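All remarks here apply to the structure that follows.
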Number of protein chains: 2
Amino acid sequence: MKSTIMDYNLSLNNIFWRVEKLYYDREIVSRLSDKIFKYTYKDFALRVRKLSNLVLNKGIRRGDVVGSIAWNTHRHLELYFAIPLINSVLHTINVRFHPSEMSYVIDVANDKLVFYEEDLSGSIREIKGKTKASFIPLSKETDEEIDSFNPVEKYEEIDEREGAVICYTSGTTGHPKGVVYSHRSIFIHSLALLPKDVTGISSNEVVMPVVPMFHISSWDIPYASLMTGAKLVLPGPRPQPEDLFNLIKREGVTIATGAPTVWISFLDYILKERLDISPLKVIITGGAEPPKGLMKTLKDKFSVRTIHAWGMTETEAITTVNLSEDLDFLNKQGIPMPGIEYTAIDENGREIRWNGKDMGELIIRGAWVTDGYYNNPEKSKEIMVEMEGKKWLRTGDMVNIDENGFIKVVDRKKDLIKSGGEWISSVDLENAIMSFPPVLEAVAIGVKDEKWGERPIAMVVLREEFKGKVKEEDIKGFLMSINKFPKWWIPDKIVFVDSIPKTSTGKLDKKVVREKVKEILKQSQT
Amino acid sequence: MKSTIMDYNLSLNNIFWRVEKLYYDREIVSRLSDKIFKYTYKDFALRVRKLSNLVLNKGIRRGDVVGSIAWNTHRHLELYFAIPLINSVLHTINVRFHPSEMSYVIDVANDKLVFYEEDLSGSIREIKGKTKASFIPLSKETDEEIDSFNPVEKYEEIDEREGAVICYTSGTTGHPKGVVYSHRSIFIHSLALLPKDVTGISSNEVVMPVVPMFHISSWDIPYASLMTGAKLVLPGPRPQPEDLFNLIKREGVTIATGAPTVWISFLDYILKERLDISPLKVIITGGAEPPKGLMKTLKDKFSVRTIHAWGMTETEAITTVNLSEDLDFLNKQGIPMPGIEYTAIDENGREIRWNGKDMGELIIRGAWVTDGYYNNPEKSKEIMVEMEGKKWLRTGDMVNIDENGFIKVVDRKKDLIKSGGEWISSVDLENAIMSFPPVLEAVAIGVKDEKWGERPIAMVVLREEFKGKVKEEDIKGFLMSINKFPKWWIPDKIVFVDSIPKTSTGKLDKKVVREKVKEILKQSQT
């Protein structure tokens, strides 16, 4: 029996309606290179309507793609609405992409227009000739041009399954691949972020998303914040710990998001300067496992709670959360939000048991999970799997799932090391090495071994004061001293380096690490 | 551009998946006539699967309708899932309907099977012969029969726009009219109930829905609670204040829902018995304006917060909420939840200004708003209106809307009294009369008047101790003594009665009141 409920499109129209009608007096704060800019939701909405008209005036039409190479600022936020509300698609481009990657994604997404930050004009100059797109700086002059336009009077209804935002992976293998988020997926994901059991963002909170707006829509946190009338604080270009601190204190930030590395350096600064960070209450972190020391200091010294979240470009944004008060349990990535289903499968495609021990690849489906990549049927096929008549996304993450559905990411599938028929988690090995105080950073990979199949090798950066003093044997000795640490996990070789290769989103770039290790091993053999 | 996000059906399947996979150890408590029954989500889910098979065994198929005439119990909750999960539709029938109304709705909804409470077998006997449905008592014998079935192993995927629950209005005009809620609308509404800015229901809360499960799905609160793993306490048949109190204390209820009348008699009892109601923190109320005295006592004496909500059968359940801490502001019905849009229109169909003064009929659209009535094109046409190319539901509620989008329901459109070209709100007049301590209940209607068009007449029930002592003049004198009370609002006549006619959902039945008043006026003239 068909329901009598109307076909109402879940779209950014509804969020924007709330911005204008219910919350127009709320505030948006945006840190720019030279000042702190502030305006109300009302002024923001007016600018969105004018910017839409500017973009229409440049010839952009329904279905066209408009790029942004931008920091977390109010100007970027205006694009977050002005483009999708005219049924065009905003292509958020990773600021840290190499110019060749930038022109690649501009090309394959077919961007007609690209808005870019003035401080990145160096990169832009390199790509300008190489793409068909026109480029507009996010500058004061453009601000003035926007203001000269009339606001769009009325946005048309948009089918909820239309694309709103396209984001490319910053994967370590091959070319970036595109995922197109729909109005519907952004709406549902934003709504699903609000419950107390997820982020608890509400109209009484002051939210600072440090997660880049150029990557997976800053976890949709800006959309969720505007949906419920929270004050939004955008930390701007290359925010340093001091900038974050100033924004927290001056703007009263209560909830902030960011990768663990952001909070590690932030906390270093806070402790060194002996500062207090109230009113901050909650940090939502993900992208990598947050170190227990970080969470413990936040909790014990500053009464700040850590929420551990997990997601990937292919799942739009946050998909699981862990709100445990128990820091030993908080290293798990959490349980799925409403609208998501998952399980994990072994090498034979069989579902693993949910016992917190058996390991398998996480497969996932839900209201903000992709069905494949944009214009890339070949790669799409690789990531989708069918089980019980349903399609699931293969995440490439090896996990265990406990009795209550909490996942623990053990490793990326391709980074797992198989030695003597047993699995070694490169992530766990890295964390063990990094818990040795002289170590600043570590990365572990598997290299082929005739006897064992694979054996682990680690690359380590020592803290300045320990360089030349700590030897390979010291680290191995430390690992051996850890209770219950499997002896056969100890790397065959530890290579000391000055820095570890990272991707454009700051993750360890194991592809490059593998090549470097290969070279080093070759040299040591000759 | 079409998005790459998968077509994932927002359905009860996802909620049920969470019940089984994530929250299986949570508790459901159900007050029965002879005992308190408790089980876990896991046992509940198993029963749901068995009940589905029983129903399939009785010949129920996809699209068929199964009725329930039931209180808020675990058995009713099992039907809430067991029927929609096999893509059949649960028809929740108002327990307080007259047997003739019951057989009417069973007939027009085409129920094949009806589950009913044993304590209502009197009504059931009257209707059994008159409908084509089979009847099954919600009894111990049926429990045993359910347990004898194998659980359904796998529920099929369901299109999100399929009907899940059908509910009939208990309108005071004409026959009940049906609204079919979809899997999608129940899912989105349940999710939209969870944010802090709405109800704040979370896995740490103990929720007791006193709003009947036979009417607008108890505001979808049972679905929302199970979606997020809250402990659910169902207050069973005809719960009295003492029953509610016992459940709150013994089960640790923190959030409860119910119409103002429920909480008025509850508070009378609590105050008389000098009881304490911790751990109760929040009461969500709606259906009528909660008296300020009620909210004040709850806040000052018991630190219980009142959330004022609004909705109607045609909007599935809750659509606006007011979380204000200011009790003078809390009489407004609130702002719309994400997924809803509204405005109000005057007699000429023009949008009113949102200034908190201008009055118009509330029109509404959104993800859980109906597009008409089930199998009733004529009545459907009456309630839908088109504006700016969009379809809106006419709510029949006259409201003003303030600058921040808060609605204040002034009156039902058909109950407004127009005297000398000016509007009198029957609701406001009733509230004014009821603020006179000797008055227990009051109802006001308009009667035709040659000079003024209409004039208000009130029907009043005095408290026992004041009967025969308080006269018409005393009430008029009291109204005159209220500062700023418009003199021309004072009723021309006040009729004392022993009780006021009510509908099956406990609302004032103004249709019957009008007839009675007509009779009384005729008698007084002769």
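Below are the figures for this structure:
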item: Accessible solvent surface per residue of the range B:138-266, calculated while the other protein chains remain in place, 1.4 angstrom probe, Å²; result: 28 Å²
item: Gain on full stretching of the segment that runs from A:K296 to A:N204 - 0.36 nm per residue minus C-alpha separation; result: 30.5 nm
item: Förster radius 60 Å - calculated FRET efficiency between B:N375 and A:S303 (Cβ-Cβ, nearest 0.05); result: 0.55
item: More than 45 angstrom apart: percent of Cα pairs within the protein assembly as shown; result: 38 percent
item: About the Cα centre, charge dipole magnitude for the protein assembly as shown (Lys/Arg +1, Asp/Glu -1 at Cβ), debye; result: 280 debye
item: Per-residue mean of C-beta atoms belonging to partner chains within 10 Å, peptide B:151-164; result: 2
item: Gap separating the Cα centres of the range A:214-269 and the range A:1-58, nearest whole Å; result: 20 Å
item: Stretchable slack from A:L32 to A:E20, in nm (0.36 nm times residue separation minus alpha-carbon distance); result: 1.9 nm
item: Pairwise FRET efficiency - A:Y269 versus A:S324, Cβ, R0 = 35 Å, nearest 0.05; result: 0.85
item: Antiparallel %, DSSP beta bridges [both residues in the range A:415-525], to 5; result: 80 percent
item: Average Cα contact separation per residue, chain B, under 8 Å, 6 or more apart, as relative contact order %; result: 10 percent
item: Cα-based Rg of the range B:415-525 normalised by 2.2 N^0.38 Å, two decimals; result: 1.02
item: Simple label model, 7 Å out from Cα along Cβ direction - A:R353 to A:V447, nm; result: 3.8 nm
item: Burial order of peptide ranges B:84-92, B:141-149 (average beta-carbon count within 10 Å, highest first); result: B:84-92, B:141-149
item: At 7 Å out from Cα toward Cβ: A:L440 inter-copy label distances (nm, ascending); result: 8.1
item: Rg [Å, one decimal], Dmax [Å, integer] - the range A:343-413, C-alpha atoms; result: 12.3, 38
item: Difference of contour (0.36 nm per residue) and Cα-Cα distance, B:K42 to B:V512; result: 164.5 nm
item: Teacher prompt: A:P151 distances to equivalent labels in other copies, 7 Å Cα→Cβ, nm; result: 5.4
item: Across B:K130/B:K502; A:K296/A:K408; A:K299/A:K414; A:K21/A:K507, pairs whose alpha-carbon gap is larger than 31 Å; result: A:K299/A:K414; A:K21/A:K507
item: Cα centroid separation - the range A:449-470 against the range B:285-360, whole Å; result: 64 Å
item: Accessible-area composition of the protein assembly as shown, carbon plus sulfur, in percent [1.4 Å probe]; result: 48 percent
item: Exposure of A:C167 as accessible area (Å², to 10), given a probe of 1.4 Å and all protein chains; result: 0 Å²
item: Rg(Cα) / (2.2 N^0.38 Å) computed for chain B, rounded to two decimals; result: 0.99
item: Buried accessible area, chains B and A (both chains, 1.4 Å probe, Å² to nearest 100); result: 6300 Å²
item: Averaged over B:200-206, number of beta-carbon atoms from partner chains that fall within 10 Å; result: 3
item: Whole-number accessible area per residue in Å² for the range B:343-413, which is evaluated in the context of all protein chains at 1.4 Å; result: 45 Å²
item: Residue-averaged beta-carbon neighbours from other chains (10 angstrom radius) around A:16-24; result: 4
item: Calculated FRET efficiency for the pair A:E403/B:K502, C-beta based, R₀ 41 Å, to 0.05; result: 0.25
item: Positions from the range B:338-353 whose accessible area shrinks by 40 Å² or more when the full protein complex is built, not the chain alone, probe 1.4 Å; result: B:P338, B:G339, B:E341
item: DSSP-defined beta bridges in the protein assembly as shown - what % are antiparallel, rounded to 5; result: 60 percent
item: Protection-proxy order for peptides B:23-29, B:317-323, each taking the mean of Cβ atoms within 10 Å per residue, highest first; result: B:317-323, B:23-29
item: B:L194, A:L440, reordered so the largest accessible area comes first (probe 1.4 Å); result: A:L440, B:L194
item: Two-site label geometry, B:A288 and B:Q523: point separation in nm, points 7 Å out along Cα→Cβ; result: 2.4 nm
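The values are calculated or read from the model by the stated rules, or taken from the named source; none is laboratory data. All figures in this text were calculated on a predicted structure; none of them were measured in a lab. All Cβ positions, glycine included, derive from the backbone under ideal geometry; neighbour counts span all protein chains shown. What goes into the accessible areas is simple: the full protein's heavy atoms, side chains included, and nothing from ligands, DNA or RNA. Shrake-Rupley method; radii C 1.70, N 1.55, O 1.52, S 1.80 Å.
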